[in-house]
Amino acid sequence: MREWVSLHRLTSLRVGGRARFLASPDSADRVIALLSWAKREGLSRFVLGAGTNVIFPDPGYDGLVIDTRRLTGIRMSGTRIIASAGEPLARIAWLAARAGLSGLEWACGIPGTVGGAVAMNAGTREGETADVLSSIEAASPSGPIRLDPGELRLGYRESAIIKGDLPIVVTAATFELTRSEPHRTVELARRLIAERRRKHPTGPSAGCAFKNPSEGPSAGELLDRAGCKGMRVGGAYVSELHANFVMNEGEKNASEVLELLESMQKRVKEAFGIDLEPEIIVCK
Ligand SMILES: Cc1cc2nc3c(=O)[nH]c(=O)nc-3n(C[C@H](O)[C@H](O)[C@H](O)COP(=O)(O)OP(=O)(O)OC[C@H]3O[C@@H](n4cnc5c(N)ncnc54)[C@H](O)[C@@H]3O)c2cc1C
């Protein structure tokens, strides 16, 4: 356990002040012990994966941040992959593709951990975590639990975990895939990655900033038509390639990123009367 640890290096946007406590447990038992400790001490806690969809505010986090990236291990059994929460999602997606197991090709280009993908129900137009998730193991203050996907209430980039209704730490996930041919699955993964490279900017970001509305144009189209490309607040700016990507040239400048996100939302509201919902999680 470390104290007063700078969080900006742990997020892809490079923002955030310091955490009062940061722990990097390497087993589910240690996660459970940490949850009990935080409860006893009356500390709030935040579960961190690879930090590719998170903004920590500039004043930091006055509680316990549990960094899950040391929860590692992957097992393959027939058409199943059982992966610990800290494993990179793309690693298991590539393992599956090379083994000719289909269902996770869309994930080969997505940053983040397995635990983050479950909590966010990460996905693309080609598929999402919920399509292939068979069960999860998790830590709660009262001990280890096993849950079916239905109990997680996975929706479009949301879950009962994200909503705060299920205060657990995902420690492992089992994915059920479909038997195919390696040349097909690898070819599909490569094609999807090439498409992403064409459409997505590179550099510090947190991926898409806002969710797509349930109908009509995508968030990216709305932001583009509202003239958001190139908007800037300090080091934070909207990509010229994709209007739903907030990029960051700065560091520890969460307030600039948050101000920019608010201005983008406002422009779309003024232009189209639509309230865009953030996809990025702001840790409070
Ligand atoms: C360049 C780029 C491209 C992206 N493209 C996509 C995309 O195409 N599709 C997509 O869906 N997302 C995309 N993202 C966003 C992000 O990669 C995903 O949301 C990813 O699943 C987040 O995983 P993470 O490990 O980084 O989670 P974090 O960002 O660390 O956390 C996200 C949320 O999940 C919770 N969480 C994390 N781990 C656990 C756990 N073990 N147990 C309980 N809760 C947990 C956190 O508390 C937080 O609320 C992109 C991001 C970037 C930077």
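In summary, the helical segments of the chain meeting the span-like criteria, namely a full DSSP H run, a Cα extent along the axis of 24 angstrom or more and a mean Kyte-Doolittle hydropathy of at least -0.5, are 254-272.
Reported value for the range 235-276: 63 Å³ per residue, from the convex hull of its C-alpha atoms. P(r) for the range 138-284, from all Cα pairs and a bin width of 5 Å, is 2, 8, 14, 15, 14, 15, 14, 11, 6, 1 %, short bins first.
Give me the accessible area per residue for the chain, probe 1.4 Å, as a whole number in Å².
Counting only protein heavy atoms, the per-residue value for the chain is 47 Å².
Listed by chain and number, the aspartates and glutamates whose alpha-carbon sits under 15 Å from that of Lys269, ignoring those within fewer than 8 places in the same chain, are Glu221, Asp224, Glu277. Could you give the C-alpha radius of gyration of the range 74-197 expressed as a fraction of 2.2 N^0.38 Å, taking N as the number of residues it contains? For the range 74-197, the normalised Cα radius of gyration comes out at 1.02. Within the listed set Ser140, Ser180, Ser239, the Gaussian network model of the chain (springs between alpha-carbon atoms below 10 Å) gives the highest mean-square fluctuation for Ser180. Using a simple spin-label model with pseudo-atoms 7 Å out from Cα toward Cβ, Arg184 and Ser255 lie 5.5 nm apart.
Scanning residues 5 or more positions from Ala206 or on other chains, those with amide H under 5 Å from its amide H are Val246, with H placed 1.01 Å from N in the peptide plane. Measuring spread by the Cα atoms of the range 87-127 yields a radius of gyration and Dmax of 9.3, 26 Å. A straight Cα-to-Cα reach below 23 Å connects Lys266 with the lysines Lys211, Lys229, Lys284, residues fewer than 8 places away in its own chain not being considered.
Using only the Cα atoms of the range 110-166, what semi-axes does the equivalent ellipsoid have when each is the square root of 5 times a gyration tensor eigenvalue? Give whole Å, largest first.
20, 11, 11
Using the Cβ-Cβ distance between Ser263 and Arg191 with R0 set to 35 Å, the FRET efficiency from 1/(1 + (r/R0)^6) comes to roughly 0.45.
Counted by Cβ distance under 11 Å from Arg70, the other residues give a net charge of -1, where Lys and Arg count +1 and Asp and Glu count -1. Given the range 15-57, what whole percent of its Cα pairs are spread farther than 12 Å? Roughly 68 percent, once rounded to a whole number. Please state the charge dipole magnitude for the range 134-250, taken about the Cα centre, from unit charges on C-beta atoms (+1 on K and R, -1 on D and E), reported in debye and rounded to the nearest 20. Charge dipole of the range 134-250: 400 debye, to the nearest 20. Over the residues of the chain, the helix contribution to mean residue ellipticity at 222 nm works out to -9000 deg cm²/dmol, using -39500 (n - 2.57) for each DSSP H run of at least 4. The smallest convex shape that holds all Cα atoms of the range 201-282, its convex hull, gives 80 Å³ per residue. GNM on the chain, alpha-carbon springs under 10 angstrom: the most fluctuating residue among Ser77, Ser255, Ser36 is Ser77.
So what's the net charge close to Ala85: Lys and Arg +1, Asp and Glu -1, counting the other residues with Cβ under 13 Å from its Cβ? Could the numbers behind the result be given before it?
Numbers: positive: Arg30, Arg69, Arg70, Arg91; negative: Asp26, Asp67, Glu87, Glu137.
Once all neighbours under 13 Å are counted, the net charge is 0.
Over every Cα atom in the chain, the radius of gyration and the widest Cα-Cα span, Dmax, amount to 18.8, 53 Å.
Share of the range 74-197's accessible area from carbon and sulfur, percent, 1.4 Å? Show your work: numbers first, answer last.
Values: 2660 of 5460 Å².
Here carbon and sulfur together make up 49 percent of the probe-accessible area.
The values are calculated or read from the model by the stated rules, or taken from the named source; none is laboratory data. In this text, all values refer to a predicted model and were calculated from it rather than measured experimentally. Positions of Cβ are generated from backbone atoms using ideal geometry, with glycine treated the same way; all protein chains shown enter the neighbour counts. Accessible surface is based on the protein model in full, side chains and every heavy atom, while ligands, DNA and RNA are left aside. Shrake-Rupley method; radii C 1.70, N 1.55, O 1.52, S 1.80 Å.
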